[in-house]
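Just so you know, all these numbers are worked out from the coordinates, no wet-lab data involved. Keep in mind that what you see is a predicted model, and the values were worked out from it rather than measured. No Cβ is skipped: glycine too gets one built from the backbone with ideal geometry, and neighbour counts run over all protein chains shown.
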Amino acid sequence: MKGETEMDYQKPKGTADLLPGTTNVWEKVEAKAREVFRQFGYRGIRTPMFEDYHVFSRNVGDTSDIVEKEMYDFHDKGDRHIALRPEGTAGVVRAYVENKLYGPEYPKPYKVYYMGPMFRYERPQYGRQREFHQIGVEALNNESPQIDVEVIAMAMTLFKQFGVPNVKLVINTLGDKQVRKDYREALINYLKPHYDELSKDSQERLYKNPLRVLDSKDEGDKKIVEDAPSILDYLDDESQSYFDQVQALLKELGIGYEIDSNMVRGLDYYNHTIFEIMSDSPVFGGGYTTVCAGGRYNGLISQLGGPEEGGIGFGMGVERLMILLKEENPDFAPVDKLDLFLASADDKGDNLAFEILNKVRQQGIVADKDYSGVKVGKQIKEAFRRNARYFAVFGDREVSEGQFQLKNAATKDTVDVKVADFVADPAKYLK
Ligand code: ATP
Ligand code: MG
């Protein structure tokens, strides 16, 4: 019976426990991603899970939902305003600037990847959590359509490597500062007459950040936005040429894409190329769901105190990738297997099994033994449950004879092996 002072402890809303059976898939995803990143010249970076609040909220004009509504922020015991990171880019750029990684001794672009938890105070739903995970990359200190396409190609390669090739690439451009300014005005002029029909959120955004109205999930807003002017009609020569080059390079690499001129970004520092990788898998409940989102940010590095340089990156939502992977490539992660399972019939045998186990593990054999002391039959069942390729039972007799029977779980073949011979070269017997 429960005492009065006891309570049921539960994980915080919007978080998840990842248990064995799931973690093996995550670990394989991470391993594959690292492989691809290394191939493309990206190296790991690990920045703090929390930062000074202002790393994410840099100016009062920042009107993204992520910064305005979704941030987990608090004052610590030293009265510092801290925020749990809602995304990876700002922290990476902060580290880049603080460590002066733009110096002449460093490669250009400076290419890094990260994987880890992000925190947003959102309404939890399928594929949307308060603690979630992203695998992301940044290519800093460079402005070239080739790098944009490299980053996109790398993201597409990841999906191929994960065995979920049925995703589509959608791109857009946000032009440069002037383009955004001109377009902003045109968009406000278009939206103003519809003010009363817009959702409350969009009414708020209309003057602060009208581009965000394009991103609205409200059905009424979506209708209005359909006929909005397109940013593509406001590109200056340079932005147009940049976008053209990106498209030409994508074609050259045979990477199919769509253009969605209404696609914008939840964070305000993006310009030129932005992209999303989307899935229409029915597991997401209809329509397209974004699994990976990225883009170029040419103002962010200087905003965080660094030089006037550009960068581009993406963040892939791991939880959504997992949903997709489970549906489209359920056999992605190998089932756990053992080379050898050691069972025992009595204490003496158990001691010998423990000794052998530790010796064969030193030689790279994946092995385990029974620790429960249950009947031999149950131990052997456990060997099968653990997918052991071989198993053996140790008792008094095996100890006194210095010899045991090694059983092949699949063929049921049995061979007599001397303990000394076996531990000298276990691989020879576990073929
Ligand atoms: P959405 O429009 O779905 O809220 P977003 O624009 O806020 O997405 P980004 O900031 O671009 O998302 O993050 C990149 C990716 O991270 C998303 O495409 C998604 O896969 C994932 N992601 C974002 N927020 C969450 C969340 N709360 N839970 C799980 N995954 C998330
Ligand atoms: Mg969001």
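Alpha-carbon geometry of region 338-429: the Rg and the Dmax are 11.6, 30 Å, given in that order.
Considering only the Cα atoms of region 39-113, their convex hull presents on average a projected area of 6.5 nm².
How large is Rg over Rh for region 253-347, taking Rg from the Cα atoms and Rh as the Kirkwood inverse mean of 1/r across Cα pairs? Working shown, then result.
On the way: Rg = 21.7 Å, Rh = 17.3 Å.
For region 253-347, the value is 1.25.
For region 287-316 versus region 379-431, the spacing of their alpha-carbon centroids is 56 Å. In percent, rounded to a whole number, the relative contact order of the chain is 14, using alpha-carbon pairs under 8 Å and six or more apart.
In the structure shown, do any of Lys13/Lys111; Lys177/Lys222; Lys108/Lys251; Lys69/Lys192 have a Cα-Cα gap over 27 Å, and if so which? Table pairs above 27 Å Cα-Cα are Lys13/Lys111. Taking a quarter of the surface of the Cα convex hull of region 19-148 gives a mean projected area of 10.7 nm². When you count the other C-beta atoms within 10 angstrom of each residue and take the mean per peptide, 11-18, 47-54 line up highest first as 47-54, 11-18. For region 338-429, the tally of Lys pairs with Cα-Cα distances below 23 Å comes to 27, considering only residues 8 or more apart or on different chains.
Karplus-based coupling profile of region 77-86, in residue order and whole Hz: 5, x, 6, 8, 7, 10, 9, 5, 5, x, with θ = phi - 60° in 6.51 cos²θ - 1.76 cosθ + 1.60 and x standing for Gly or Pro. For region 62-213, the calculated P(r) over all alpha carbon pairs, in 5 Å bins from 0 to the bin holding the longest distance, is 2, 7, 11, 13, 17, 18, 16, 11, 5, 1, 0, 0 percent. Protection proxy ranking of 415-425, 78-88, by the mean of other Cβ atoms within 10 Å over each peptide's residues and highest first, is 78-88, 415-425. Computed on the chain, the Cα convex hull volume stands at 227 Å³ per residue. Among the chymotrypsin sites (Phe, Trp or Tyr not before Pro) within region 327-387, those in coil by DSSP and having at most 16 neighbouring Cβ atoms inside 10 Å are Tyr371.
P(r) for region 142-280, from all Cα pairs and a bin width of 5 Å, is 2, 10, 19, 20, 17, 14, 11, 6, 2, 0 %, short bins first.
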